[in-house]
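Colleague: To start, I am sharing the structure in question, which I have written as structure tokens.
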Amino acid sequence: MIAIACDHGGYALKEEIKKYLDEKEIEYKDFGCYSDERTDYPLYAVPAMEAVQRKECDKAILVCGTGFGMTIVANKFKGIRCASCWNEEVAKLLRAHNDANVIALPGRFINISQAVVILRAWLATEFMGGRHTDRLDMIKEIEDKNMK
Ligand code: RB5
């Protein structure tokens with residue numbers, strides 16, 4: 001199950017992404033927002049990240065104007081690794097090197113065709129392990145020290 005959330009800057013793209021997920025029969029839970037009326041991205045990122053932390057969702061897709069606000073909120077949660085992605089190559093690396101369980105998308109800078117290419121790459125790419133595992137272990141130590 002994929003958690004999906006947006007603010008007004010990501011609303012239009014999130015709705016298109018939902019159509020793509022429906023087509024592919026990929027299950028998701030939509031945490032809002034539900035219109036393009038101006039709002040605040042933490043309101044929607046927080047419940048989506050809590051669902052990932054509770055393991056109700058194993059991944060999440062967050063969309064705001066740049067993907068940056070959503071990314072900043074997401075990475076405040078222990079066990080979440082998220083970055084904003086704007087092309088296929090960085091999406092693959094986000095999984096292969098960083099084992100990211102959350103992806104953010106810049107709704108004001110990419111269209112649905114670009115988002116589909118990015119999401120396909122992110123969903124299909126496996127974590128490479130090896131030297132990257134050591135780095136994730138270091139991140140976990142930082143989390144254990146700095147987050148409750
Ligand atoms: C909203 O105007 C915009 O700031 C937001 O969607 C996002 O880009 C923030 O990082």
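Values quoted throughout were computed directly from the atomic coordinates according to the rules given, and no laboratory measurement underlies them. Everything numeric here is computed off the predicted structure, so don't read it as measured data. A quick note on method: Cβ atoms are made from the backbone with ideal geometry, for glycine too, and the neighbour counts reach across all protein chains shown.
Colleague: Give the peptides 129-141, 32-44, 85-97 in descending order of average Cβ contacts within 10 Å, highest first.
Modeller: Answer by packing, highest mean first, reads 85-97, 32-44, 129-141.
Colleague: Rounded to the nearest 0.05, what FRET efficiency is calculated for residue 145 and residue 90 with R0 set to 41 Å and r the Cβ-Cβ distance?
Modeller: Calculated transfer efficiency: 0.90.
Colleague: Same structure again: In which sequence would 78, 148, 14 go, from the one with the fewest C-beta neighbours within 10 Å to the one with the most?
Modeller: Going from sparsest to densest Cβ surroundings: 148, 78, 14.
Colleague: Apply the Debye scattering formula to the chain, with a single equal point scatterer on each alpha-carbon and no solvent, then give log10 I(q)/I(0) at q = 0.09, 0.18, 0.21 Å⁻¹.
Modeller: -0.25, -1.00, -1.34
Colleague: Here's another thing I want to ask about it. With +1 on each Lys and Arg Cβ and -1 on each Asp and Glu Cβ, how big is the dipole of the range 73-131 about its Cα centre, in debye rounded to the nearest 20?
Modeller: In debye, rounded to 20, the range 73-131 gives about 220.
Colleague: Oh, and also: From the Cα gyration tensor of the range 103-148, with a ≥ b ≥ c the square roots of its eigenvalues, which class applies: rounded if a/c is under 1.5, or else prolate if a/b is larger than b/c, or else oblate?
Modeller: oblate
Colleague: Okay, moving on. Only counting other Cβ atoms within 10 Å, I'd like 25, 143 sorted with the fewest neighbours first.
Modeller: Ranked by crowding around the Cβ, least crowded first: 25, 143.
Colleague: Okay, helix-only estimate at 222 nm for the chain: each DSSP H run of n ≥ 4 adds -39500 (n - 2.57), divide by all residues, round to 500 deg cm²/dmol; what do you get?
Modeller: Rounded to the nearest 500, it is -14500 deg cm²/dmol.
Colleague: Starting from the Cα of residue 59, draw a straight line to each of the lysines and keep only those under 21 Å, dropping any in the same chain fewer than 8 residues away.
Modeller: Here the lysines satisfying the reach criterion relative to residue 59 are 14, 18, 19, 24, 29, 76, 78, 92, 140.
Colleague: Skipping prolines and chain starts, which residues have an amide H placed within reach, meaning under 5 Å, of the one on residue 104, given they are 5 or more residues away or on another chain?
Modeller: 62, 83, 84, 85
Colleague: To the nearest 20 Debye, how big is the dipole of the chain about its Cα centre, given +1 on the beta carbon of each Lys and Arg and -1 on that of each Asp and Glu?
Modeller: 340 debye
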